[in-house]
Amino acid sequence: MNYDSASLIEKGAYRCACGKIHKASIKASYVAPGAAAAAGAYAKRFGGTKAFVLADENTFAAAGRQVTASLSGAGVPYQVFLYPGERIEPDEKTVGSAVLHFDETCDILISVGSGVLNDVGKILAGMRGLPYLCVATAPSMDGFASSTSSVIRDRLKVSVNSRCPDAVLGDTDILKAAPKIMLQAGLGDMLAKCVSVAEWQIGRIVTGEYYCPEIAAMIRAALRKCINGAEGLLQGDDEAVSGVMDGLIVAGIAADWAGVSRPVSGTEHYFSHIWDMRAAALGTPSSLHGVQCAIGTVKTLKGYEKLRGMLDAGVAPEPFNKAAWLKTLSDYMGEAGGQMLKNAETCALYDPQAQAERQENIRKHLFEILGVIDTLPSYGEITSLLRGIGAPTSPEEIGIPESETAVCFKATKDIRDKYILSSLAFDLGVLDRLAEKI
Ligand SMILES: [Zn+2]
Ligand SMILES: [Zn+2]
């Protein structure tokens, strides 16, 4: 089976051995040199007769001319809405501005950009019920093929439902010229998948949750391409750049197929979420999503290696004081932690009976769990791979004190009911000790 995004989309609705019918929301992807010049043809393919083009100054400089020339060539008139300034935030002002400037005579939306512009494009297209194309300018995160947008609402980062792009065009000539940090971030968001896919498997063993080996295989195939190409990524190697770009689209398809973000986001993403939540509420430092995920991946892999050592040595479980922990959590997260504290009241993690069942599963299937942990790359390997492309590998390099790593790691288990390394360590009664070693 071919695991590139175009082949996966072409499969259409597909009845899988896991019991689900898998179908991607994205209808087309095209990752190749010169792909932006196909924007006009794709606009027509999706019924567009007049395009509303969304861009900012940087993204327009990167790909705007190719897109508008292609629209003109295809006989599709367009209206460009350009965000002024260097940097836009995915907040109420940015979304509202696109809504208020929308030209009612347009019947297709095209965003020229990646993270924020794609998030805004998806929201506007969803509100207007319009077909939507994303012409990527950087392979920086895995939200290309998803039906949600990550935005800042009331100073909190939240995920809202929106419209999955009908097509994503990734022009490798443009993508390889993206700022270095965007390329590092895209690779980071892909490296994160080595953790998330393994944690999904561990979750299945311990909690009996849904799991699909086919989806896991497609993530692993995309990840392998990214790891193999990592060295050439900043040198503009076409295969390396298209490997990351296509991998990011495949990740979106995988989450869509699974119906949950499980295959593409685990402990490492929760490190990143916590840093984002604290940044929005408390003004602490933060970096690009993928850069943070890469650091989270290094920390999580180190955690698994240490946990493995502790299990081999056999350690006595430590006591847990929930009230004391919730106080620490609320001090650390400030107002950003409200939802986490609420979650702690009802989540299965702290339910004694649910925990006893999980602990029984862990005892019964310990060798299987260790087998999954053994499939993970070493944190040394991933650290040197990231260093090789000049990407940060520690919180300190993005301005976050290393002394906060332990509490941040312990808080990852409180974000949602997703079974991850910190939940496993909690059930094993070694969370505090493990947190100190990360
Ligand atoms: Zn399946
Ligand atoms: Zn991600």
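Can you give the three extents of the C-alpha atoms in the stretch 85-228 along their principal axes, from longest to shortest, in whole Å?
Result for the stretch 85-228: principal-axis Cα extents of 51, 36, 29 Å.
For the stretch 305-320, just list the computed ³J(HN,Hα) in residue order, Karplus coefficients 6.51, -1.76 and 1.60, θ = phi - 60°, integers in Hz, with x standing in for Gly and Pro.
These are the phi-based 3J(HN,Hα) values: 5, 5, 4, 4, x, 5, 5, 4, 6, x, 10, 6, x, 8, x, 10 Hz.
Between residue 99 and residue 417, what is the label-to-label distance in nm when each label sits 7 Å out along the Cα-to-Cβ direction?
3.2
Roughly what % of DSSP beta bridges within the chain run antiparallel, to the nearest 5?
Working: 8 of 32 bridges.
Of the beta bridges lying entirely in the chain, close to 25 percent run antiparallel.
Neighbour counts of other C-beta atoms within 10 Å: give me 386, 156 arranged from fewest to most. If you can, show how the numbers build up before the last one.
On the way: 386 22, 156 15.
Fewest-to-most ranking of 386, 156: 156, 386.
Could you grab the Rg to Rh ratio for the stretch 1-124? Cα atoms only, Kirkwood for Rh. It would help to have the intermediate numbers written out before the result.
On the way: Rg = 16.3 Å, Rh = 15.9 Å.
Checking Rg against Rh, the ratio lands at 1.03.
In whole angstrom, note down how far apart the Cα centers of the stretch 388-438 and the stretch 123-147 are.
Cα centroid of the stretch 388-438 versus Cα centroid of the stretch 123-147: 31 Å apart.
Ordered by residue, what ³J(HN,Hα) values in Hz, to whole numbers, does the stretch 338-349 give under the Karplus form 6.51 cos²θ - 1.76 cosθ + 1.60, where θ = phi - 60° and Gly and Pro are x?
Computed from phi, the couplings for the stretch 338-349 are x, 5, 5, 5, 5, 4, 4, 5, 10, 6, 5, 3 Hz.
By the gyration tensor of its Cα atoms, with a ≥ b ≥ c the square roots of the eigenvalues, what is the shape of the stretch 294-438: rounded for a/c under 1.5, prolate for a/b over b/c, or oblate? It would help to have the intermediate numbers written out before the result.
Details: a/c = 2.02, a/b = 1.14, b/c = 1.78.
Oblate is the answer for the stretch 294-438, as a/c is 1.5 or above yet b/c matches or exceeds a/b.
So what is the calculated 222 nm ellipticity per residue for the chain, using -39500 (n - 2.57) for each DSSP H run with n of 4 or more, over all residues, to the nearest 500 deg cm²/dmol?
Values: 19 runs with 232 residues, N = 438.
Helix contribution divided over all residues of the chain: -16500 deg cm²/dmol.
Roughly how tilted is helix 238-258, in degrees to the nearest 10 and between 0 and 90, from the longest Cα axis of the chain?
70
Ranking request for peptides 309-319, 85-95, 175-185: highest mean number of other beta-carbon atoms within 10 Å first, then the rest in descending order.
On the way: 309-319: 10.5, 85-95: 14.5, 175-185: 20.9.
Highest mean packing first, the order is 175-185, 85-95, 309-319.
List the extent of the Cα atoms of the chain along each of their three principal axes, largest first, rounded to whole Å.
71, 45, 40
Running a GNM on the chain with Cα contacts under 10 Å, which residue among 428, 169, 187 ends up with the highest mean-square fluctuation?
Of 428, 169, 187, the most mobile in the Gaussian network model is 428.
If you stretched the chain out fully between residue 282 and residue 378, how much longer would it get, using 0.36 nm times the residue separation minus the C-alpha to C-alpha distance?
31.2 nm
Beta carbons within 10 angstrom, averaged per residue: use that to sort the peptides 4-15, 416-427, highest first.
416-427, 4-15
Explain nothing, just compute: Karplus ³J(HN,Hα) = 6.51 cos²θ - 1.76 cosθ + 1.60, θ = phi - 60°, for every residue of the stretch 399-415 in order, whole Hz, x for Gly and Pro.
Taking θ as phi minus 60°, the curve returns x, 9, x, 4, 5, 8, 4, 4, 5, 4, 4, 5, 6, 4, 6, 9, 6 Hz for the stretch 399-415.
Between residue 154 and residue 1, how many nm apart are label points set 7 Å from Cα along the C-beta direction?
Distance between label points: 4.2 nm.
Each value in this text was obtained by applying a stated rule to the coordinates, not by laboratory testing. Remember, predicted model here, so these are calculated numbers, not experimental data. Methodologically, a virtual Cβ is constructed for each residue, glycine included, from the backbone with ideal geometry; neighbour enumeration extends over all protein chains shown.
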